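Taking it in order: structure first as structure tokens, then the write-up.
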Amino acid sequence: MPRIYIETYGCQMNVADAELMLGVLEREGYVRTTDPGEADVTLVNTCAVRDHAEQKVLSRLGELKGYKRPGAVLGVVGCMAQRLGARLLERVPQVDLVIGPDGYRGLPELIARARGEGGERAADVEFRDWEHYEDVPPVRETGASAFVTVQRGCDYRCTFCIVPMTRGPERSRKLSDVVREVQDLAAGGTTEVTLLGQTVNSYHDGTHDFADLLRAVGRVAGIRRVRFTSPYPTDFSDRVVAALAETPAVCEHVHLPVQSGSSRVLKRMLRRYDRARYLAVVAALRRAVPGIALTTDIIVGFPGETEEDFQETLSLVEEVGFDDAYTFKYSPREGTPATRLKDAVADDTAGERLQRLVALVRRLARQKNVALIGTSHEVLVEGRAKRGDLLQGRTRTNKVALLAGPDRWIGTYQSVRLTGTTGSTFSARPVESPQELAVVG
């Protein structure tokens, strides 16, 4: 049987897409391998949000082509493939296939042609607004957690963002199809699902909105936790906020991208809110769900951003008190409207602003985390920590805690007391264990 190796970069949506590709190929007789050296087909599943992500893939392709044997196939799939299309075949001669997110159904046929006599190279980057892969069962790693795609594509046109050009128009799956998939997952032992979409809370299948979806998934027997990512701030309608508060399975954490604290910059970004509207959404979430954890995305150095604009971002971060933030320097993406904006910010200026922002985010996160030492929480034990002989667990508010325990705890829920923090992660002990002195690293 032919062996398939998939290497994935980027967001959770790409992880879910890798599971779909395995579903498409395994029913055609392919078996998965974790060693590119023994693969008959290697697929690199890519991200295009920032230039750095693409450069990393190009570097990795240079390494992977060294594993390629006669008759083997090297393909690039995902958002970078969609963006570059056939240009990638010209740029990297060893690449045989370039396939966008709506073309995975055709993988078996395209691979067969590439492996056949003459080695046909091909690019498929056509958008198919009907494609949800409903008949393709994803091949997932067994475990307590699973990603479930509920929406594909994006209709928003933020001036910095490449996603509408790589993921196509927004379309939502039918609520009944999503619920059926979650029921099947629960029957197999999954207890936590993360609902995925580019602007996931704008979900609407023609009849049901995101509030309906949250309530329906939260009612599935066996599902103990429901998460979702990434939402858009102004798509938190009163109905959605109420569903968050009233559905016990929905976790008390929202990732709420702000991008900038300056209304002037937000307007240039073509975001659909200003600073005051964003803060109103934060207030509504906190009124509805006391103790909710909020994380965010922030871009610095967007064209035209002044020091005054940046100070507004810093003050918003202080005012909201995020639990954490993903922070980036603006990365121009070919074809996006922001590349035509004037008043580019010098790279060294953007870098210095990023350093100040990261320092503030870390200080505030540390303050919040130190205040949690001594409190008790339920954690889902996800697996062994990357370093040391400890288990890694995650609270409902998305805090990572490291604890000692047996492997049989993996995939189970444990009650723990947080005993210390490095500023970002926690040390913890099961609540029935002897109390330990608090440690602040």
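Sort out for me the Cα centre separation of region 190-227 from region 365-386, rounded to whole Å. So the two Cα centres are separated by 25 Å. For Lys65, the lysines whose Cα comes closer than 27 Å to its Cα, not counting residues fewer than 8 places off in the same chain, are Lys56. Beta bridges from DSSP with both residues in the chain: antiparallel share about 35 percent, rounded to the nearest 5. The slack in the chain from Arg287 to Ala385, taken as 0.36 nm per residue of separation less the alpha-carbon distance, amounts to 31.8 nm.
Evaluated on region 2-60, the Kirkwood hydrodynamic radius is 12.1 Å, with distances taken between all distinct Cα atoms. For a label point 7 angstrom out from the Cα of Arg3 toward its Cβ, which stretches of region 30-62 have the backbone nitrogen within less than 13 Å? From region 30-62, the list is 31-42. Between Ser415, Ser427, Ser230, the residue with the greatest mean-square fluctuation in the GNM of the chain (Cα pairs under 10 Å linked by springs) is Ser415. Sorted from longest to shortest, the spans of the Cα atoms of region 140-251 along the three principal axes equal 41, 33, 23 Å. Give me the net charge for the shell around Asn201: Cβ to Cβ below 14 angstrom, other residues only, Lys and Arg +1, Asp and Glu -1. Charge balance in the 14 Å sphere: -3. Centre-to-centre, using Cα atoms only, region 8-58 and region 133-167 are separated by 14 Å.
Of the residues Val320, Gly206, Cys251, the one whose Cα sits farthest toward the positive end of the charge dipole of the chain, with +1 on the Cβ of Lys and Arg and -1 on the Cβ of Asp and Glu, is Val320. When each of Ser172, Ser424 is scored by the number of other beta-carbon atoms lying within 10 Å, the sequence from fewest to most is Ser424, Ser172. Straight Cα distances below 17 angstrom link Lys386 to the lysines Lys399, with same-chain residues fewer than 8 positions distant left out. With the helix formula -39500 (n - 2.57) applied to DSSP H stretches of n ≥ 4, the chain reaches a computed 222 nm mean residue ellipticity of -10000 deg cm²/dmol. Counted by Cβ distance under 14 Å from Leu360, the other residues give a net charge of 0, where Lys and Arg count +1 and Asp and Glu count -1. Whole-Hz Karplus values for region 169-176 come out as x, 5, 8, 10, 6, 5, 4, 4 Hz, taken residue by residue from phi with 6.51 cos²θ - 1.76 cosθ + 1.60 and θ = phi - 60°; glycine and proline positions read x. 3J(HN,Hα) couplings calculated from phi for region 413-426 with the Karplus curve 6.51 cos²θ - 1.76 cosθ + 1.60 (θ = phi - 60°) are, in sequence order, 9, 10, 8, 10, 10, 6, 10, x, 8, 8, x, 10, 10, 10 Hz; Gly and Pro show x. Pick from Glu170, Glu120, Glu54: which residue has the top mean-square fluctuation in a GNM of the chain where Cα pairs under 10 Å get a spring? Largest GNM mean-square fluctuation: Glu120. Identify, among Thr34, Val98, Leu88, the residue whose Cα sits farthest towards the positive end of the charge dipole of region 3-124, taking +1 on the Cβ of Lys and Arg and -1 on the Cβ of Asp and Glu, with the dipole about the Cα centre. Comparing the listed Cα positions along the dipole, Leu88 ranks first. Listed values for region 361-373 are Karplus-derived 3J(HN,Hα) couplings in whole Hz (6.51 cos²θ - 1.76 cosθ + 1.60, θ = phi - 60°), namely 4, 5, 4, 5, 5, 5, 4, 4, 6, 4, 5, 8, 4, and x replaces Gly and Pro. Under a Gaussian network description of the chain, with springs only between Cα atoms under 10 Å, the residue in Gly189, Gly393, Gly118 that fluctuates furthest is Gly118.
Under the convention that each Lys and Arg Cβ holds +1 and each Asp and Glu Cβ holds -1, the size of the dipole of region 215-294 around its Cα centre is about 220 debye. In the distance distribution for the chain, Cα-Cα pairs more than 40 Å apart total 21 percent. Pair-distance distribution P(r) for region 285-372, from all Cα-Cα distances in 10 Å bins starting at 0: 15, 42, 27, 13, 2 percent.
Read-outs throughout are calculated quantities, based only on the coordinates presented, and are distinct from any laboratory measurement. If you're wondering where the values come from, they're calculated on a predicted model, not measured in any experiment. Glycine also receives a Cβ, built like all others from the backbone with ideal geometry; neighbour counts cover every protein chain displayed.
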